[in-house]
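Student: I am attaching a structure below and will ask some questions about it afterwards.
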Amino acid sequence: MIAPVPLRTWRVALLLLLTAPLALPWGIDGHRLTARIATLHLETRAAAAVAEILGPDRTLADVSNLADDIRKTQPATSPWHYVDIPFDAEGFDRRRDCPGDQCLIAAIERSRDELKKPGLRPEARFEALHNLVHFIGDVHQPFHCVSRHDRGGNDVKAMFLGRHTNLHQVWDSGILGYLEPDTGVQFGRLREISLANLRVWSGGTPETWALESHRLAREVGYRFAGNSHGEVVLGRSYARRAAPLVERQLQIAAIRIAVVLNNIFR
């Protein structure tokens, strides 16, 4: 596998967002963007297999948020959307961070392994596919890979561009909305990925991807002024610094979705 992207190349900035009882990783638009970009990088066999699983008139983008819909009615699946790697930890400890394999890293691995099984029932293949697409998106949201006893930033109150929200939600949808309300415009820009980046981003494992996000949350995400009391104030300068990092994480997630699917169906 190719080594993960060095963190120092990403330190352009960062983060944070809206209060909600159930945070939707990357938001609906973010997951749809990663799925659309991933589709462009599917090889012929993978594209055919995906089309067969999804059926006519349905795309990866159309199913990219189903895991969140299921989460609302099946709360037992909630731990599959995050992994609680302690803030000060230097690595991932499966026993500590993923008890009973109920975490985001294990969920990606299960979905990937399910898709590899020959003779899997169509319903199970469909579930494994849409889960895989969603969870790979989730693991690239830094606040889904860190534990600081604040529910991944959900308990950190923030004022973002005049709106009361929280740190986690700024990452999920606040910065994305600031960048471009029109996801069609975003797609046109983010789909352009250099060959060099394609090679670098194609490597790693669910564990190393989570550790990349953990480092981003720890070394960039939580580094802001004025959070000792009350509400963190994040203005336009902060949003401008965060934007390139958010966009890159979405692109990386898309490429890795495509790579995993290409490897499964090759």
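Student: As a test question: what accessible area, to the nearest 10 Å², does ASP93 have when a 1.4 Å probe is rolled over all protein chains in place?
Tutor: 70 Å²
Student: To the nearest 20 debye, what charge dipole does segment 22-155 have about its Cα centre, counting +1 at the Cβ of each Lys and Arg and -1 at the Cβ of each Asp and Glu?
Tutor: 320 debye
Student: Let me ask something additional. Quick one: if you stick a label point 7 Å off each Cα along the C-beta vector at ALA124 and SER194, how many nm between them?
Tutor: With each label point 7 Å from Cα toward Cβ, the separation is 4.4 nm.
Student: Quick check: net charge around ILE70, other residues with Cβ under 14 Å of its Cβ, Lys/Arg +1 and Asp/Glu -1?
Tutor: With Lys, Arg at +1 and Asp, Glu at -1, the net is -3.
Student: Moving to a separate point now. For a quick check of understanding: with a 1.4 angstrom probe and all protein chains in place, what accessible area in square angstrom does ASP155 have, to the nearest ten?
Tutor: ASP155 exposes around 90 Å² with every protein chain in place.
Student: Give me the accessible area of TRP80, 1.4 Å probe, in Å² rounded to the nearest 10.
Tutor: Per-residue accessible area (TRP80): approximately 60 Å².
The values are calculated or read from the model by the stated rules, or taken from the named source; none is laboratory data. Source: prediction; values computed, not measured. Using ideal geometry, Cβ is built from the backbone for each residue, glycine included, and neighbour counts are taken over all protein chains shown. Please note that ligands, DNA and RNA were not included when accessible areas were found on the heavy atoms of the full protein model with its side chains. Shrake-Rupley method; radii C 1.70, N 1.55, O 1.52, S 1.80 Å.
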